[in-house]
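Down below is the structure, laid out as structure tokens.
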Amino acid sequence: MLADGPEREDGRTRVVIEAVEPQVDGGRFAVKRIVGDEVEVRADVFADGHDQVAAHVLHRGPGDREWRAVPMRPLGNDRWAATLVMGAEGVHRFAIEGWIDRFATWRSALGKRVEAGQDVAVDLLIGAALIEEAAARAAESADGAVLARAAAALRGADREAAVAAALDSGVEALVGMHAERRFVTRTDRDYPIVVDRERARFSAWYERFPRSSSPQPGRHGTLRDLGRLVPEIARMGFDVLYLPPIHPIGRTHRKGANNAPEAGPGDPGSPWAIGAGEGGHTAIHPELGTMEDFARLVESARAFGLEVALDLALQCSPDHPWVREHPQWFRHRPDGTIQYAENPPKKYQDIYPIDFETEDWRSLWAALRDVVLFWVARGVRIFRVDNPHTKPFAFWEWLIGEVKAAHPDVLFLSEAFTRPKVMYRLAKLGFTQSYTYFTWRTTKAELTQYLTELTQSPVREFFRPNFWPNTPDILPEHLQVGGRPAFVARLVLAATMSSSYGIYGPPFELCVADALPGREEYRDSEKYQIRHWDWNAPGHLRDLIARVNRIRRENPALKATDNLAFVDVDDDRLVAYLKASADGGNVLLVVVSLDPDHRRSGRVRLPLARLGLGPSEPFLVEELLEGDQQIWQGEANLVEIDPRAMPARIFRIARRLRRETDFDYFYM
């Protein structure tokens with residue numbers, strides 16, 4: 001006997017819905033899109049037998065109380081699709097419904113019978129009844145009258161007019177709008193889409209320590225000092241100014257220069273050792289200034305098109321008020337002391353990790369959420385999160401959900417250099433962007449494999465990469481030994497491969513390569529001491545950075561990451577790839593030398609048919625970094641790179657020339 005009960009599906013439903021796209025883990029997590037994006041929803045929709053099916057996508061945006069139905073169109077082989085347009089920021093949801101289309105099934109059979117010369121008198125009566133049912137459902141609209149006239153035509157004596165009315169596409173469309181959807185199959189869950197603002201996909205980050213922003217060597221910099229640098233940072237083309245922690249720094253076990261276990265009298269300590277007598281995560285270090293100074297910095301940055309991003313480091317110094325007020329939030333060792341942070345063999349005695357297994361976890365979670373909301377209330381809409389992989393997944397899903405439910409424009413960057421599955425899980429849970437392994441991918445094979453994974457696999461639906469050539473924690477070996485050409489090459493790779501990238505400056509634009517022996521870590525790191533940077537030092541990259549960021553802004557092809565396609569070039573130390581805008585109107589070819597020491601040359605092979613070019617058609621390319629122009633012809637064209645002059649080339653490809661020597665051309 002068949003099981004019965006309220007949970008059992010109606011056995012008369014015959015339509016099957018499978019292979020829904022886009023989705024992440026069967027709809028457990030959201031795919032990510034930007035306001036204004038078109039999302040093509042696809043699914044296999046079919047039924048037993050020969051009856052035709054129909055389907056639509058139900059779509060509901062944030063705040064919508066009703067579902068909006070969007071008809072699906074057949075793609076062939078039982079695959080169906082519909083296009084949704086993403087409106088407001090927040091969580092959108094969609095579901096798919098499918099049903100037997102009785103009218104389409106009848107109409108198809110009628111057409112075959114008419115073509116075969118069969119008697120269709122009874123068939124026309126069946127169709128008339130179907131149209132009359134639709135007319136009754138549309139009785140209060142103009143459609144009802146149109147359908148009633150069509151039904152009457154099917155019942156009329158004029159057989160030719162009846163068949164014409166039955167096969168009329170307009171009648172079919174109206175019946176479909178008012179169809180009887182009996183025994184509808186609906187997907188067993190609604191599929192989420194998180195929609196963010198444009199900066200979630202396209203952003204250029206600049207990291208700067210405020211305390212190293214003083215114009216006078218030896219003086220502790222302030223937020224006001226940093227504010228005076230905002231125009232120059234904006235001139236370089238950045239749109240996010242990211243600040244390491246700006247909170248009071250603990251004094252107990254304070255670290256000295258180069259992470260020395262003991263601090264000297266003038267050592268300022270690590271900003272990540274958060275909390276002192278002056279306050280914790282909602283306070284500002286007194287030597288940086290006041291809350292009013294911070295508000296002034298936020299407003300000044302906004303006036304220059306910049307957003308201020310804050311570091312969210314959920315840890316405490318031994319002097320943090322929470323250590324005294326909430327000792328249960330920390331792990332205690334058998335000798336009664338609190339466990340400090342370790343990453344053996346490294347020890348961080350100046351930092352206490354938070355114990356997320358505390359019995360008081362609910363109060364802890366609420367307090368951490370309130371820290372984020374405190375800064376949101378002060379104009380911060382972007383947070384770079386320090387080491388999120390060392391905190392529970394469930395916490396991040398809750399925290400990000402809580403914040404974005406009230407403030408959907410808030411963005412979170414995950415700084416998790418850890419195992420791939422952990423990085424991807426954090427992205428699924430809600431992190432807007434993520435640091436990546438780009439920092440250590442240096443060969444052509446490594447870059448090709450990694451970028452293919454990020455742009456062509458299912459990862460592209462939820463993982464938004466943010467490429468950083470360096471960070472305060474990481475001075476990679478290739479920057480230590482490659483000189484200025486290595487810095488320029490990594491800048492161009494980061495800024496053109498990914499639509500979001502960042503640099504830790506000024507060490508990057510000054511090409512600082514002084515590392516601790518045998519380590520990927522800066523000597524005299526700003527993490528432990530104040531540095532003075534000379535903006536006018538020889539070799540400063542600021543003008544080149546400004547040019548690269550201007551190219552990014554002016555070319556839509558660089559405003560997405562998953563549009564990257566590698567192309568062949570016959571030199572293993574040259575990497576070449578295309579980036580094209582969604583409408584095909586802007587196409588760039590980027591060629592970068594991975595050899596900082598020697599001149600390289602190779603023939604780049606372009607997919608001419610994809611570019612709309614004939615096999616022997618001449619076309620013009622404009623090199624955007626240095627401004628020269630060339631006429632190319634055919635699939636293979638020679639590119640030469642001298643890294644001492646410029647280790648990268650960014651070509652904008654023209655679709656066609658009016659005449660072979662005519663430089664009045666059209667850009668793609």
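The values are calculated or read from the model by the stated rules, or taken from the named source; none is laboratory data. Note that the structure is predicted; figures quoted are calculated from it, not measured. Cβ: placed from backbone, ideal geometry, glycine included. Neighbour counts: every protein chain shown. Ligands, DNA and RNA are stripped out before the accessible areas are found, and what is left, the full protein with its side chains, is counted by its heavy atoms. Shrake-Rupley method; radii C 1.70, N 1.55, O 1.52, S 1.80 Å.
If I go through segment 327-360 residue by residue, how many of them are touching an Asp or Glu at 6+ places or on another chain (Cβ under 7 Å) and at pLDDT 95 or above?
So the answer is 4.
Being modelled with pLDDT of 95 or more, under 20 Å from residue 243 (Cβ atoms) and among the β-branched types (Val, Ile, Thr) is the requirement here; does residue 567 meet it? If you could, list the steps in order and put the result at the bottom.
Values: modelled with pLDDT of 95 or more: yes; under 20 Å from residue 243 (Cβ atoms): no; among the β-branched types (Val, Ile, Thr): yes.
Answer is no for this residue.
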Checklist entry - Across segment 329-354, what is the number of residues that are surrounded by fewer than 18 Cβ atoms within 10 Å (Cβ to Cβ) and assigned to a loop (DSSP other than H, G, I, E, B)? => result 10
Checklist entry - Can you find a residue in segment 362-371 that is within 15 Å of the chain's Cα centre (by Cα), surrounded by fewer than 19 Cβ atoms within 10 Å (Cβ to Cβ) and hydroxyl-bearing (Ser, Thr, Tyr)? => result no
Next on the checklist: Just to be sure I understand the filter: pairs with C-beta atoms under 6 Å, separated by 6 or more residues or on different chains, first member in segment 34-52 and of a type in the set (Asp, Glu), second member open to solvent by less than 20 Å² (accessible area, probe 1.4 Å) and assigned to a strand (DSSP E or B). Which pairs pass?
Outcome noted: 40/81
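With respect to residue 605, is the statement that it is of a type in the set (Lys, Arg) and crowded, with 17+ Cβ neighbours inside 10 Å true? Full working, then the answer.
Numbers: of a type in the set (Lys, Arg): yes; crowded, with 17+ Cβ neighbours inside 10 Å: no.
No.
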Item to check | Count of residues meeting criterion [over 15 Å from residue 388 (Cα atoms) and among the hydrophobic types (A, V, I, L, M, F, W, C)] in segment 340-377 | outcome: 11
Checklist entry - Do any residues in segment 641-652 that are under 17 Å from residue 554 (Cβ atoms) and open to solvent by 10 Å² or more (accessible area, probe 1.4 Å) have Cβ atoms under 8 Å from those of residues that are part of a loop (DSSP other than H, G, I, E, B) and not acidic (Asp, Glu), where the two are at least six apart or on different chains, and which pairs are they? => result 649/625; 652/555; 652/586; 652/624; 652/668
Checklist outcome for this item: When segment 566-582 is checked residue by residue, the ones that are within 21 Å of the chain's Cα centre (by Cα), outside any loop (DSSP other than H, G, I, E, B) and surrounded by 16 or more Cβ atoms within 10 Å (Cβ to Cβ) are 577, 578, 579, 580
Next on the checklist: Within segment 623-636, take every residue that is outside any loop (DSSP other than H, G, I, E, B) and within 23 Å of residue 485 (Cβ to Cβ) and give me the one that is most open to solvent (accessible area, probe 1.4 Å).
Outcome noted: 630
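Considering each of 113, 137, 149 in turn, give the residue that is basic (Lys, Arg) and within 27 Å of residue 10 (Cα to Cα). Quick ask: steps written out before the conclusion?
On the way: 113 fails: within 27 Å of residue 10 (Cα to Cα); 149 fails: within 27 Å of residue 10 (Cα to Cα).
The match here is 137.
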Next on the checklist: Quick test of your reading of the structure: residue 431 fulfils all but one of (1) open to solvent by 10 Å² or more (accessible area, probe 1.4 Å); (2) in a loop (DSSP other than H, G, I, E, B). Name the failing condition by number.
Outcome noted: (1)
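Can we say residue 585 is under 30 Å from residue 36 (Cα atoms), touching a residue at least 60 places away in the same chain (Cβ under 8 Å) and open to solvent by 10 Å² or more (accessible area, probe 1.4 Å)? Steps first, please.
Details: under 30 Å from residue 36 (Cα atoms): yes; touching a residue at least 60 places away in the same chain (Cβ under 8 Å): yes; open to solvent by 10 Å² or more (accessible area, probe 1.4 Å): yes.
Spelling it out, residue 585 is indeed under 30 Å from residue 36 (Cα atoms), touching a residue at least 60 places away in the same chain (Cβ under 8 Å) and open to solvent by 10 Å² or more (accessible area, probe 1.4 Å).
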Checklist entry - residue 426: under 15 Å from residue 464 (Cα atoms), touching a helix residue (DSSP H, G or I) at 6+ places or on another chain (Cβ under 7 Å), part of a helix (DSSP H, G or I) and open to solvent by less than 20 Å² (accessible area, probe 1.4 Å), yes or no? => result yes
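Return yes when residue 222 is open to solvent by 20 Å² or more (accessible area, probe 1.4 Å), of a type in the set (Ser, Thr, Tyr) and over 30 Å from residue 14 (Cβ atoms) and no when it is not.
Details: open to solvent by 20 Å² or more (accessible area, probe 1.4 Å): yes; of a type in the set (Ser, Thr, Tyr): yes; over 30 Å from residue 14 (Cβ atoms): yes.
Considered against the rule, which asks whether it is open to solvent by 20 Å² or more (accessible area, probe 1.4 Å), of a type in the set (Ser, Thr, Tyr) and over 30 Å from residue 14 (Cβ atoms), residue 222 comes out as yes.
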Checklist outcome for this item: Checked segment 346-391 for anything under 20 Å from residue 200 (Cα atoms) and aromatic (Phe, Trp, Tyr); matches are 375, 383
Next on the checklist: Could you check segment 239-285 and list, in sequence order, the residues that are among the polar types (S, T, N, Q) and either surrounded by 24 or more Cβ atoms within 10 Å (Cβ to Cβ) or more than 29 Å from residue 200 (Cβ to Cβ) (or both)?
Outcome noted: 252, 258, 259, 270
